[in-house]
Amino acid sequence: MTALSENLSKPVVASSRPAASKRRQRSWLALRGALDRLAAIIFMIVAWQLAAQFWIGEKWISTPVKIAERLWEMLLDGSLQIHTWETFKEAFVGLLMGVALGIVGGMILGLSRRLSEAIDPVLMGIYSLPRVSLAPMFVIWLGIGLLAKATLVASMVVFVVMLNVREGIRSIDRDHIDAFRSMNASRWMMWRHVMIPSMIPWLLASIRIGIGMALVGAVVGELIGASQGLGWYVSSSSSIYDMTGAFTALVVLMILAMIFNFALSLLEKRLMFWRPSVSS
Amino acid sequence: MTVLEAIRTPAAVDRAGASAPAKIEVANVTLRYTRKQDQSESTALDNVSLRVGTGEFLAIVGPSGCGKSTLLKVINGLLRPSEGSVRIDGKPVENVPDGVGFVFQSDGLLPWRTAEENVAIGATLAGRSATDARQRALELLTELGVQRAIGKHPHELSGGMRKRVALARTIAYEPKLYLLDEPFSALDAQTRIHVGNRFIKTLEEIGQTVIIVTHDLEEAIALADRVIVMSAAPGRIAAEFKIDLPRPRDYYQSRFHPDFRRQQQQLWDVLQREMAGELNS
Ligand SMILES: Nc1ncnc2c1ncn2[C@@H]1O[C@H](COP(=O)(O)OP(=O)(O)O)[C@@H](O)[C@H]1O
Ligand SMILES: [Mg+2]
């Protein structure tokens, strides 16, 4: 793997510009991008603070300073960790369940056109259904524990993954399959070298969408029935007009989403090294 | 060229052409594609018959869409003919037979594997162990003058390098029959000469039966022992022509041989007669 990542960092196209200066320019661009992002965040925080103090009012949208104080308090009394861990577990376990089921389902649908065409209308129907509306039923069936929320999350994630994996299988380059067939490659060789690698970009794209859905699913599940978790914290804070509490939980949720996405980016870098367009 | 000599066969000694024992017999093959949406059929090959001798170097020329790739896939057993049959070494082709190497029009290299990994796959499928296959891949890439491709992924390689890696993968599979589908059509003129020369030298060295598909008449004459011309869709064999140029050939130099123009002229006459006949019928 190290050899591969070294290759990636080399310039792909030779040009008259010396490599060293090109590299310097690229790291300057990366630095500038990071500074831009930092500036955008600071701008939003300052704007929020000013809007809360001089315009909308603190009791409606709290303030960044109060949220920071609350975060600190919650960190010290341990409640931050408890709620975050709960929501993380629900989203993560649900995401894993949904992705696993989605891969299996997508492969079956991708390989059997007939089955796929038969159940396509039903599939699209369920897919378009707002699955958060199933949340109360999951609570009734599975209780208010981890399983109910994870299942809700999985029910949201599974379809995106399934449809993507199906599309991934269908769009495999015919020539790759023929090249392997012409050399009498075994089914196993074909899966290992052609099918699975061709599917991975589609799978990763669906996981990226799935992350957002997973957090929505976990939070909605907690709104319906829970005794802890960030979603529960939002609803219980709101019910006593504690806007600082509600916004604090939302900020933590946002950070959680960023961490999920960051982890996925690392995975993408590892798995998609061969893609010329992967550089960002 | 020690690496290639290892897989050299007696056939290389005598390129007897069509008079040698038949390597391939295509008999009255018709192939119809069925469109998935409305089950409508279109004929890609129409009653094609063809005999290729062991060790022969055959070129198939024809306009794009006339069924050249389809014919190669039928010979390789990747497509089943609607009518007619194909035999390789006298045995009917049912599934994909062993010992047939196919170099695809798009090089067909896996973008997620390095050049040597791609080549090693061919060697693995020829029955070599993993370490052996890798060793073989490195040898072949060196042999074909693409050492620079080692450790790189296909997107980092030029078109000419990719073609040579694709040929190396096919050679690594050690086929007794090479099917090359327009291997040079995507290359610019200069690269084409360079890569074309590598291909012809290597294939002459190996000495196995070769079918090369091209839409370039001069290229066909320069490379082959025999040229078969296909008519526009639905594909039929319009003309056949034996080429008497000495071997070893050179991809470009062969065109300056005194006999080249004469052969080209004769082939052109045959073609014109065919086309005239086609227009009248
Ligand atoms: N998989 C396919 N399904 C339907 N029609 C096809 C398919 N592949 C090729 N054809 C059609 O068959 C004809 C011959 O194609 P092909 O063998 O690729 O021609 P060539 O290689 O000579 O350019 C073309 O008209 C093409 O559109
Ligand atoms: Mg073709």
*How many of the residues making up the range B:102-113 are more than 16 Å from ligand 2 (Cβ to nearest atom) and buried (at least 24 other Cβ atoms within 10 Å of the Cβ)?*
1
*Could you figure out which of (1) more than 13 Å from every other protein chain (Cβ to nearest Cβ); (2) out of contact with any Leu (no Cβ under 9 Å at 6 or more places or on another chain); (3) under 30 Å from B:A120 (Cβ atoms) isn't true of A:I169?*
(2)
*Here are B:V119, B:V146, B:V165: which of them is within 18 Å of A:R181 (Cα to Cα) and either away from chain A (no Cβ under 11 Å) or under 15 Å from the mean Cα position of the chain (by Cα) (or both)?*
B:V119
*Select from the range B:33-85 the residues that are within 14 Å of chain A (Cβ to nearest Cβ) and part of a strand (DSSP E or B) and write down the one among them that is farthest from B:I211 (Cα to Cα).*
B:T34
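So for the range A:252-270 (the condition being in the same structural domain as A:S79 (by TED's automatic domain parsing), in contact with a His (Cβ under 9 Å, 6 or more places away or on another chain), touching a residue at least 40 places away in the same chain (Cβ under 8 Å) and not polar (S, T, N, Q)), does at least one residue qualify?
Yes, some residue in the range A:252-270 is in the same structural domain as A:S79 (by TED's automatic domain parsing), in contact with a His (Cβ under 9 Å, 6 or more places away or on another chain), touching a residue at least 40 places away in the same chain (Cβ under 8 Å) and not polar (S, T, N, Q).
Yes/no per residue for (1) within 23 Å of A:E167 (Cα to Cα); (2) at pLDDT 95 or above; (3) not in a helix (DSSP H, G or I):
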residue: A:M189; (1), (2), (3): yes, no, no
residue: A:R192; (1), (2), (3): yes, no, no
residue: A:P197; (1), (2), (3): yes, no, no
residue: A:P201; (1), (2), (3): yes, no, no
residue: A:I207; (1), (2), (3): yes, yes, no
residue: A:G212; (1), (2), (3): yes, no, no
residue: A:G217; (1), (2), (3): no, no, no
residue: A:L223; (1), (2), (3): no, no, no
residue: A:S227; (1), (2), (3): no, no, yes
*Within the range B:220-242, is there a residue that is surrounded by fewer than 17 Cβ atoms within 10 Å (Cβ to Cβ) and of a type in the set (F, W, Y)?*
no
*Those residues that are out of contact with any Leu (no Cβ under 9 Å at 6 or more places or on another chain) and more than 9 Å from ligand 1 (Cβ to nearest atom), I need them from the range B:56-85; list them, please.*
B:E56, B:G77, B:S85
_Looking only at the range B:34-54, and only at residues there that are loosely packed, with under 10 Cβ neighbours inside 10 Å and basic (K, R), the one that is farthest from the chain's Cα centre (by Cα)_ = B:K36
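One line per residue, one yes/no per condition, for (1) modelled with pLDDT of 95 or more; (2) away from chain B (no Cβ under 14 Å); (3) in a helix (DSSP H, G or I):
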{"site": "A:N7", "(1), (2), (3)": "no, no, yes"}
{"site": "A:K22", "(1), (2), (3)": "no, yes, yes"}
{"site": "A:A34", "(1), (2), (3)": "no, yes, yes"}
{"site": "A:A51", "(1), (2), (3)": "no, yes, yes"}
{"site": "A:W85", "(1), (2), (3)": "yes, yes, yes"}
{"site": "A:F88", "(1), (2), (3)": "yes, yes, yes"}
_Please return the ranges of strands (runs of 3 or more DSSP E) entirely within the range B:172-249 where 2 or more residues are away from ligand 1 (no atom under 16 Å from the Cβ)._
B:177-181, B:209-214, B:237-242
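The values are calculated or read from the model by the stated rules, or taken from the named source; none is laboratory data. Predicted model only: the values in this text are computed from it and were never measured. Neighbour counts run over all protein chains shown; Cβ positions are idealised from the backbone, glycine included.
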